[in-house]
Amino acid sequence: MKAIALTHYLPSTHPDCFIAADLPTPTPGPRDLLVRIRATSVNPVDTKVRAPKAKVESNPRVLGWDAVGEVVAVGQEVTLFKAGDRVWYAGDISRPGSNSELQLVDERIAALAPVSLSDVEAAALPLTTITAWEALFERMGLTRESTGRLLIIGGAGGVGSIAIQLARQLTRMEVIATASRPETRDWCLAMGTHQVVSHHQLQADLAELDISQLDAIFCTNATEQHWDAMASLIRPFGHICTIAESSEPWDLGLLKPKSVTFSQEFMFTRSLFQTPDMIEQHHLLGRVAALIDQGVLKTTLTRTLPELTPATLAQAHGELESGSMMGKLVIDMARFASQP
């Protein structure tokens, strides 16, 4: 099968950042789906995995953890899907990714894709939606009856864009998002946030809105940069959740006087550790597909690249690394899958 892969970990500007590879067609394990990829999205995790380092792969490594495609074969223990089903998923970071013609994915972390979205529109959502859903409803424990104020730091990014929608549509909270440019502010408002503040002057902007404390904070980037402000703004017994790692330690002592709960979210945990509740991602994606088809949620797609090549994949990584991406970038795989 065809794939776009890497053997060396190079800057996205390097001409050999990615290479075209011809790899063996994978054979499904007992609970695997073999999926022909129709569209794939690029996420910050892709750029972090590809970040320059001395390591060299003896076999080409395929990245990509967001996909929509057609099931072409199933493992002998598969019960949830059949050949011909159109599925979406974020995959497993410990297995080969979706920058390829075919990919294996465990049925427990896939679901039928929303019928109202095209392949490209749907591929913008799985990884970011799982991340936001698990953060808001599993880590932070928000429900349809939750009230108070929720701050989403990084509202215009992929995770922030869908987190705004989930919180606005599935809770009763006042949703406040951070954005710094006019276009990202407008995007956050279009996603449904009640208020937008600048992350460059977070406390000052909140003070102008007469907001001195927050019930919950979901941080999607630069945790260390916002740590002191979050510790100051969170209310007693509030909850802070982050998906962004840091090279510097966080001073958890700042949270102790208020008995604040702090948690981290990594959407690959279930698949990486084969947890007993792995199938919850199947259920989660199924619920989200239904909400999309009901018109409650919408795609966060803002940019489409027309085909997968070493050059377009490097371009996609570069755009994410620029820090200016709004919503999600998706690569249309239709031509890649159909070419001989």
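The values are calculated or read from the model by the stated rules, or taken from the named source; none is laboratory data. The model shown is predicted, which means the values in this text are computed figures rather than measured ones. Positions of Cβ are generated from backbone atoms using ideal geometry, with glycine treated the same way; all protein chains shown enter the neighbour counts. Surface areas here come from the heavy atoms of the whole protein model, side chains and all, with no ligands, DNA or RNA. Shrake-Rupley method; radii C 1.70, N 1.55, O 1.52, S 1.80 Å.
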#### Entry: Extension reserve of the E57-T7 stretch, reckoned as 0.36 nm per residue once the Cα distance is removed
17.5 nm
### Message
Show me the GluC sites (Glu not before Pro) within region 30-98 that DSSP assigns to loop and that have at most 11 other Cβ atoms within 10 Å of their Cβ.
### Response
E77
### Task
Give me the angle, in degrees from 0 to 90, between the Cα long axis of helix 280-293 and the longest principal axis of the Cα atoms of the chain, rounded to the nearest 10.
80 degrees
#### Entry: Signed unit charges on C-beta, dipole axis of the chain, positive-most listed residue H14, S247, M326
M326
### Query
Simple spin-label model, 7 Å along Cα-to-Cβ: E248 to R303 in nm?
2.8 nm
### Message
Accessible area of the chain with a 1.4 Å probe: how many percent of it is carbon plus sulfur?
### Response
52 percent
### Message
From Cα pairs below 8 angstrom and at least 6 apart in sequence, can you work out the relative contact order of the chain, rounded to a whole percent?
### Response
21 percent
### Query
Taking Cα atoms, how many degrees apart are the long axis of helix 223-233 and the longest axis of the chain, rounded to 10 and kept between 0 and 90?
30 degrees
### Task
For K82, list the aspartates and glutamates whose Cα falls under 16 Å from its own Cα; do not include residues on the same chain fewer than 8 positions away.
D32, E70, D106, E107
#### Entry: Nearby lysines by direct alpha-carbon distance to K55 (threshold 30 angstrom, same-chain neighbours under 8 apart not counted)
K2, K328
### Order by protection proxy (mean Cβ within 10 Å, highest first), peptides 24-30, 140-146, 294-300, 245-251
294-300, 140-146, 24-30, 245-251
### Task
May I ask you to evaluate 6.51 cos²θ - 1.76 cosθ + 1.60, the Karplus curve with θ = phi - 60°, for each residue of region 75-80 and list the ³J(HN,Hα) values in order in whole Hz, giving x for glycine and proline?
x, 5, 9, 5, 10, 8
### Mean Cβ neighbour count within 10 Å, used as a protection proxy, ranking 79-85, 177-183 highest first
177-183, 79-85
### Message
Quick one: 3J(HN,Hα) in Hz for region 12-20, Karplus 6.51/-1.76/1.60 with θ = phi - 60°, rounded, Gly and Pro as x.
### Response
5, 7, 6, x, 9, 3, 10, 10, 7
### Message
If each DSSP helix of 4+ residues adds -39,500 (n - 2.57) and the sum is divided by the residues in the chain, what number results at 222 nm, nearest 500 deg cm²/dmol?
### Response
-8000 deg cm²/dmol
### Message
How much accessible area per residue does the chain have, counting only protein heavy atoms and a probe of 1.4 Å, in square angstrom?
### Response
42 Å²
